[in-house]
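This report refers to the structure that appears directly beneath it.
The values are calculated or read from the model by the stated rules, or taken from the named source; none is laboratory data. Keep in mind that this is a model prediction, so the values were computed, not measured. Reconstructed Cβ throughout: ideal geometry from the backbone, glycine too, with neighbour counts over all protein chains shown.
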Amino acid sequence: MNRVRLLVLNAALGPLDYSVPDGVQVVPGHVVIAPLGPRTVTGIVWESERLPGSEVPAEKLRPIREVVAVPPLSAPLRRLIEWTADYYCAALASVARMVLSSGGALGGPATMTEYRLSGAEPSGRLTAQRKQALEMLGGHQGTIRELSGASEVSEGVLRGMVGAGLIEPVTVAIDRPYPPADPDFDQPVLSDDQLRVARTLVKAVEARKFAPVLLDGVTGSGKTETYFEPVAEAIRLGRQVLVLLPEIALTENFLVRFEQRFGAAPVLWHSSLKSTERRRAWRAIANGNAQVIVGARSALFLPYANLGLIVVDEAHEVSFKQDEGVRYNARDVSVMRARFEQIPVVLASATPALESLHMAQTGTYELLELPSRFGGAQLPAIKLVNLTEEKPGAGKWLSQPIVDALEERLSRGEQSLLFLNRRGYAPLTLCRNCGHRFQCPNCSAWLVEHRLSARLSCHHCGHETGVPETCPECGEPDCLVACGPGVERIADEVAELFPEARVAVATSDTLGNPERAAEFIAKAEAKAIDVIVGTQLVTKGFHFPELTLVGVVDADLGLEGGDLRAAERTYQQVAQVAGRAGRGSKPGEVLIQTRHPDAPVIAALADGDRDAFYAAETEARRDAGAPPFGRWAAIILSSEDEKEAREAAVRLGDTRPELEDLYILGPAPAPLALLRGRYRYRFLVNARRSASLQKVLRDWIDAHQFAPGVRIGVDIDPYSFV
Ligand code: ADP
Ligand code: ZN
């Protein structure tokens with residue numbers, strides 16, 4: 001090949017052609033550096049017939065400058081890039097950038113720093129933590145994070161020991177191997193149900209064919225232990241495994257279990273990796289040296305050398321949907337990746353998305369069920385508390401039945417979990433004197449008071465201010481009132497009721513990094529916490545055997561607003577959080593506070609009647625032409641200038657396609673009409689399955705030229721309706 005077409009990582013440029021100098025070998029998938037004007041661009045060699053561009057005469061072509069020394073991106077991955085761009089109406093370059101996620105992976109220093117005990121004598125007395133580190137670390141060497149895992153001592157303590165000379169840095173090669181996972185390290189005895197499911201999955205790995213599976217198992221059924229068996233088989237066969245987890249906070253729990261089962265840590269991939277760790281992982285994944293990769297949704301686009309299995313754990317989680325940039329759903333893209341790679345993919349959940357369940361019921365996915373909890377644990381008893389009858393006192397949020405149940409748990413030394421999906425202390429602050437409400441200057445949203453950090457903050461853009469002593473509007477001192485509850489306020493209420501109780505707030509504010517999540521888990525497991533008050537962060541994954549009470553503070557909260565999946569999401573959240581109760585030998589109880597005990601989703605929760613909920617929701621979706629029966633898309637036009645945004649939306653609206661199988665609503669101001677300083681207008685598109693939705697949208701939008709200040713975002717299968 002002496003002429004190549006490049007998919008360059010800059011969406012504004014389009015495909016570019018280059019010549020290949022004599023003696024240089026390139027094939028599709030190679031990552032190359034090419035000259036562009038006075039600079040260079042990174043590009044991926046692509047099949048030119050799949051990437052239409054203008055033909056440049058041969059004599060005008062400039063030669064590529066360098067072929068980057070990483071394995072070429074495989075054909076299945078190239079097809080995945082094309083599919084993703086096409087399906088989500090995104091630029092190929094934007095998807096390709098996710099694959100080469102750290103440009104740094106392609107070059108950069110060949111070494112990094114690891115740490116080990118220096119052997120120096122400690123001067124003076126050691127803290128218990130430091131002593132533990134000295135005892136546990138022995139011959140270990142690794143990143144601070146790995147040493148923290150090995151010693152069960154926090155990263156902060158270890159860094160302190162580096163400062164004190166007890167731990168020393170060592171320079172090592174970036175491409176040194178990861179410790180190998182041993183598929184037979186510590187195999188658990190599986191229950192009959194687990195064994196049946198595990199065997200099917202192991203066979204699917206061996207068959208090496210596309211096989212989408214829905215692993216539908218109740219909370220506490222041991223889905224993890226079960227899918228570890230096909231993971232082990234893939235390791236035995238020398239293939240790579242990708243496990244996607246929805247939250248970094250869940251990773252810690254997973255890592256512990258993984259190490260117990262396989263005797264070594266998996267390779268981690270998430271946004272807070274340091275650049276050296278990221279480069280090491282990327283390269284090991286690309287050259288096949290990483291066996292099991294555990295990551296957030298972005299791990300889906302990595303260049304696996306030899307992928308043999310994908311597992312999506314808690315597959316119903318909305319955080320698998322990316323809401324900016326390329327707006328993809330990792331759950332759906334993982335199925336496509338498995339198809340291109342011709343491998344099995346397992347979607348594991350106790351509360352599958354309706355779409356996934358539908359695929360299983362119609363035979364597109366294989367359905368494997370774990371109908372009971374492991375080890376004879378019982379699912380908890382669920383009761384509704386009707387808030388219109390059991391009114392909490394003024395400025396209070398917990399009804400008497402929950403207070404009584406909490407008291408009982410405290411007296412028995414058991415743990416309780418109160419769930420409210422609202423961070424901070426209060427969602428709205430106003431002035432008692434003049435009625436002034438604290439609003440974000442950049443967003444159409446109230447500022448949320450956070451007492452732990454003494455700030456008012458916007459949950460959309462991150463804007464923060466201190467809490468003023470006087471009202472900024474009328475100048476009155478001490479007149480600010482907090483309206484409504486957040487988790488911090490519930491925690492205060494518990495502390496007032498039970499001053500002796502040890503209460504922990506568990507949200508992304510308090511457990512935002514792996515280290516703090518690990519600390520929280522350790523404390524909860526050691527029974528150093530009596531009452532956990534948490535957001536959706538604590539609804540899944542956690543396994544605390546002493547936790548016997550779950551209180552849902554406001555089950556109606558999620559049903560408000562214009563979210564088309566509100567009922568499903570409420571069902572999933574409440575069912576998941578209920579699933580935290582009674583996982584050990586002691587039975588669990590769940591109390592759900594609601595003002596609408598007769599709402600179908602609440603009634604189904606109370607009856608534990610999952611099938612009834614899914615059946616009712618399926619019919620509602622069928623009537624509405626919602627997924628999986630029809631499709632939705634959102635188009636958001638935004639600009640810092642209100643008029644510019646409105647005019648662009650109106651102009652686009654004027655040329656809306658008129659089609660039988662596709663309805664377009666809008667333009668209207670988006671529910672969040674101002675977000676991060678940009679005014680937003682929205683179209684909602686509802687299409688029947690027969691419509692070629694993406695093509696229609698692309699043709700419609702591409703026919704317009706908008707002012708440079710206007711941004712337009714297309715969201716296929718949206719999860720966010722703001
Ligand atoms: P799920 O993810 O389905 O809610 P988990 O995987 O968290 O359930 O399992 C619940 C608990 O049961 C965990 O503590 C897990 O370690 C334990 N467990 C599950 N299966 C087994 C097994 N076969 N042997 C020993 N412990 C198991
Ligand atoms: Zn804001």
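Some notes on this structure:
- Of the helices (runs of 4 or more DSSP H) entirely within segment 208-298, those holding at least 1 residues that are within 16 Å of ligand 1 (Cβ to nearest atom) occupy 223-236, 248-262.
Okay, residues lined up against (1) surrounded by fewer than 22 Cβ atoms within 10 Å (Cβ to Cβ); (2) among the basic types (Lys, Arg); (3) more than 30 Å from ALA338 (Cβ to Cβ):
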residue	(1), (2), (3)
GLU369	yes, no, no
GLN378	yes, no, yes
CYS434	yes, no, yes
VAL448	no, no, yes
ARG451	yes, yes, yes
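- Pairs where the first residue, in segment 217-237, is touching a residue at least 24 places away in the same chain (Cβ under 8 Å) and the second is surrounded by fewer than 24 Cβ atoms within 10 Å (Cβ to Cβ) and of a type in the set (D, E, K, R), C-beta under 7 Å, 6+ apart: GLY217/GLU369; VAL218/ARG373; GLY220/ARG373; SER221/ARG373; THR224/ARG257; PHE228/ARG261; GLU233/GLU206
- Checking the stated criteria, THR465 turns out to be surrounded by 14 or more Cβ atoms within 10 Å (Cβ to Cβ), of a type in the set (Val, Ile, Thr), within 16 Å of ligand 2 (Cβ to nearest atom) and farther than 26 Å from PRO246 by Cα.
- Residue list for segment 669-716, filter: free of Cβ contacts under 8 Å to residues at least 12 places away in the same chain and among the polar types (S, T, N, Q): SER692, GLN705
- Failed item in (1) more than 16 Å from ligand 2 (Cβ to nearest atom); (2) assigned to a loop (DSSP other than H, G, I, E, B); (3) not aromatic (Phe, Trp, Tyr), with GLU324 passing the rest: (1)
- SER101 vs. criteria under 23 Å from ILE174 (Cβ atoms), of a type in the set (S, T, N, Q) and in a loop (DSSP other than H, G, I, E, B): yes
- Looking only at segment 347-374, and only at residues there that are assigned to a helix (DSSP H, G or I) and in contact (Cβ under 8 Å) with a residue 12 or more places away in the chain, the one that is farthest from GLU568 (Cα to Cα): PHE374
- Residues in segment 671-722 that are of a type in the set (Gly, Ala, Ser) and more than 24 Å from the chain's Cα centre (by Cα): ALA673, GLY677, ALA687, SER690, ALA691, SER692, ALA703, ALA707, GLY709.
Table: residues versus (1) modelled with pLDDT under 90; (2) within 26 Å of the chain's Cα centre (by Cα).
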| position | (1), (2) |
| --- | --- |
| VAL553 | no, yes |
| GLN573 | no, yes |
| VAL577 | no, yes |
| SER585 | yes, no |
| ASP598 | no, no |
| VAL601 | no, yes |
| LEU605 | no, yes |
| ARG610 | no, yes |
| GLU617 | no, yes |
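- Of the strands (runs of 3 or more DSSP E) entirely within segment 395-473, those holding at least 2 residues that are within 30 Å of LEU591 (Cβ to Cβ) and in contact with a strand residue (DSSP E or B) (Cβ under 8 Å, 6 or more places away or on another chain) occupy 415-419, 428-431, 448-450.
- Hey, VAL345 touching a Phe, Trp or Tyr at 6+ places or on another chain (Cβ under 7 Å) and crowded, with 24+ Cβ neighbours inside 10 Å or not: no
- Matching residues, segment 465-490, being acidic (Asp, Glu) and either within 16 Å of ligand 1 (Cβ to nearest atom) or at pLDDT below 95 (or both): GLU469, GLU473, GLU476, ASP478
- Scanning segment 594-615 for residues that are in contact (Cβ under 8 Å) with a residue 24 or more places away in the chain, of a type in the set (Gly, Ala, Ser) and assigned to a helix (DSSP H, G or I) gives ALA604, ALA606.
- VAL533 modelled with pLDDT of 90 or more, crowded, with 16+ Cβ neighbours inside 10 Å, under 27 Å from the mean Cα position of the chain (by Cα) and under 30 Å from VAL153 (Cα atoms): yes
- Within segment 138-163, the residues that satisfy the criterion of being at pLDDT 90 or above and over 22 Å from LYS523 (Cα atoms) are MET161, VAL162, GLY163.
- Condition check for PRO169: in a loop (DSSP other than H, G, I, E, B) and modelled with pLDDT under 95: no
- Qualifying residue in segment 380-391 (condition: in a loop (DSSP other than H, G, I, E, B), within 16 Å of ligand 1 (Cβ to nearest atom) and surrounded by 21 or more Cβ atoms within 10 Å (Cβ to Cβ)): yes
- Test for VAL292: is it out of contact with any helix residue (DSSP H, G or I) (no Cβ under 6 Å at 6 or more places or on another chain) and either closer than 30 Å to HIS140 by Cα or among the aromatic types (Phe, Trp, Tyr) (or both): yes
- Subset of segment 73-90 [in a loop (DSSP other than H, G, I, E, B) and not small (Gly, Ala, Ser)]: LEU73, TYR88, CYS89
- Subset tally (residues that are of a type outside the set (Val, Ile, Thr), surrounded by fewer than 19 Cβ atoms within 10 Å (Cβ to Cβ) and within 15 Å of ligand 1 (Cβ to nearest atom)) for segment 185-207: 10
- Matching residues, segment 164-183, being more than 30 Å from the chain's Cα centre (by Cα) and either of a type in the set (Asp, Glu) or within 16 Å of ligand 1 (Cβ to nearest atom) (or both): GLU168
- Going through (1) at pLDDT 95 or above; (2) under 26 Å from the mean Cα position of the chain (by Cα) one by one, ARG373 falls short only on (1).
- Given (1) outside any helix (DSSP H, G or I); (2) among the β-branched types (Val, Ile, Thr); (3) more than 16 Å from ligand 1 (Cβ to nearest atom), index of the condition THR548 fails: (3)
- Any hit, segment 409-424, residues being in contact (Cβ under 8 Å) with a residue 12 or more places away in the chain, over 25 Å from GLU546 (Cα atoms) and out of contact with any helix residue (DSSP H, G or I) (no Cβ under 7 Å at 6 or more places or on another chain): no
- For ARG409: the one exception among (1) surrounded by 15 or more Cβ atoms within 10 Å (Cβ to Cβ); (2) within 16 Å of ligand 2 (Cβ to nearest atom): (2)
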